[in-house]
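**Student:** Have a look at the structure that comes next, please.
The values are calculated or read from the model by the stated rules, or taken from the named source; none is laboratory data. Treat the numbers as computed from the prediction; the structure is a model and nothing was measured. Here Cβ is always computed from backbone atoms with ideal geometry, including for glycine, and neighbour counts include all displayed protein chains.
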Amino acid sequence: MPELDVHQPGVSASVDSCLVQRCIDGDQEAWKQLVSRYQRLIYSVALRICREPETAADVMQQVFLQLYQQLEEINVSSLSSWIATVTRRRAIDYLRSTRPTEPLGDDDHSDPSDAFSRIQYRHSLEIALARLPLRGRRLIEMLYMSPEAPTYEEVAAKLDMPVSSIGPIRMRSLKKLREFLG
């Protein structure tokens, strides 16, 4: 196949479409070209979020694995957007999985009024959460209160909803929570 100038308008999507179809048909050389084409994008997005080269390389492998597994389902016309979004999610999932769940500190000497304020806030938060629709409440609890920090794919499977619905439902639910707490 002759090389195309991928910087010409419209050429990039047609190159992607051709490469993806060849990959689906089992062409390993097409897969190598697809990897070569997107490895910089994936690595740079992951490195910007994770700040560690080894972690960015791990995220890149995860993204390529997901891409390979979902080649037949992806809208090729927005492949670069899909790749960037999946990379951001994978990198953020990594950060969530490595952060401590409880802040480290010496709470033995904390001010009792601070402890009371935290209890009051938690109680207000529980009341506000209870006011959310069930789907939004369960989504918020899974994303922000679950110790295992599930991925969007895991949340979608548990809540029986499309992955693409998670972001909008999360934003609406957080907005309502702010209103209830405000």
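**Student:** Residues of segment 116-159 being of a type in the set (Val, Ile, Thr) and farther than 22 Å from Gln66 by Cα, which ones?
**Tutor:** Ile119, Ile127, Ile140
**Student:** Further, regarding this structure: Tell me, which residue of segment 49-100 that is among the β-branched types (Val, Ile, Thr) and surrounded by fewer than 20 Cβ atoms within 10 Å (Cβ to Cβ) is farthest from Ser12 (Cα to Cα)?
**Tutor:** Thr98
**Student:** Could I ask something else about it? Within the set of pairs 6 or more residues apart or between chains, which connect a residue that is on the phi < 0 side of the Ramachandran plot inside segment 21-32 to a residue that is exposed (fewer than 14 other Cβ atoms within 10 Å of the Cβ) and outside any helix (DSSP H, G or I) with Cβ atoms less than 8 Å apart?
**Tutor:** Close Cβ pairs satisfying both conditions: Ile24/Glu72.
**Student:** Out of Ser173, Ser165, which single residue is surrounded by 14 or more Cβ atoms within 10 Å (Cβ to Cβ) and either assigned to a loop (DSSP other than H, G, I, E, B) or out of contact with any helix residue (DSSP H, G or I) (no Cβ under 7 Å at 6 or more places or on another chain) (or both)?
**Tutor:** After applying the criteria, what remains is Ser165.
**Student:** Can you tell me which residue among Ile127, Ile140 is within 30 Å of Thr87 (Cβ to Cβ) and outside the structural domain of Asp93 (by TED's automatic domain parsing)?
**Tutor:** Going through Ile127, Ile140 in turn, the sole match is Ile140.
Residues are listed down the side, and each one gets a yes or a no for (1) of a type in the set (D, E, K, R); (2) out of contact with any helix residue (DSSP H, G or I) (no Cβ under 6 Å at 6 or more places or on another chain); (3) at pLDDT 85 or above:
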position	(1), (2), (3)
Ser117	no, yes, no
Gln120	no, yes, no
Pro133	no, yes, yes
Leu139	no, no, yes
Tyr152	no, no, no
Asp160	yes, yes, yes
Glu179	yes, yes, yes
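**Student:** Another question, if that's okay. Among the candidates Ala156, Ala149, single out the residue that is on the phi > 0 side of the Ramachandran plot, surrounded by 11 or more Cβ atoms within 10 Å (Cβ to Cβ) and not assigned by TED's automatic domain parsing to the domain that holds Gln66.
**Tutor:** Ala149
**Student:** Here are some conditions: (1) among the charged types (D, E, K, R); (2) without any contact (Cβ under 8 Å) to a residue 60 or more places away in the chain; (3) touching a Leu at 6+ places or on another chain (Cβ under 6 Å). Arg40 meets all but one. Which one does it not meet?
**Tutor:** For Arg40, the exception is condition (3).
**Student:** Within the set of pairs 6 or more residues apart or between chains, which connect a residue that is assigned to a helix (DSSP H, G or I) inside segment 127-146 to a residue that is β-branched (Val, Ile, Thr) and surrounded by 14 or more Cβ atoms within 10 Å (Cβ to Cβ) with Cβ atoms less than 6 Å apart?
**Tutor:** So the pair list comes out as Gly136/Ile169; Leu139/Ile169; Met142/Val155.
**Student:** Additional query: Before we move on, is Glu72 modelled with pLDDT of 95 or more and not assigned by TED's automatic domain parsing to the domain that holds Glu153?
**Tutor:** No, not satisfied.
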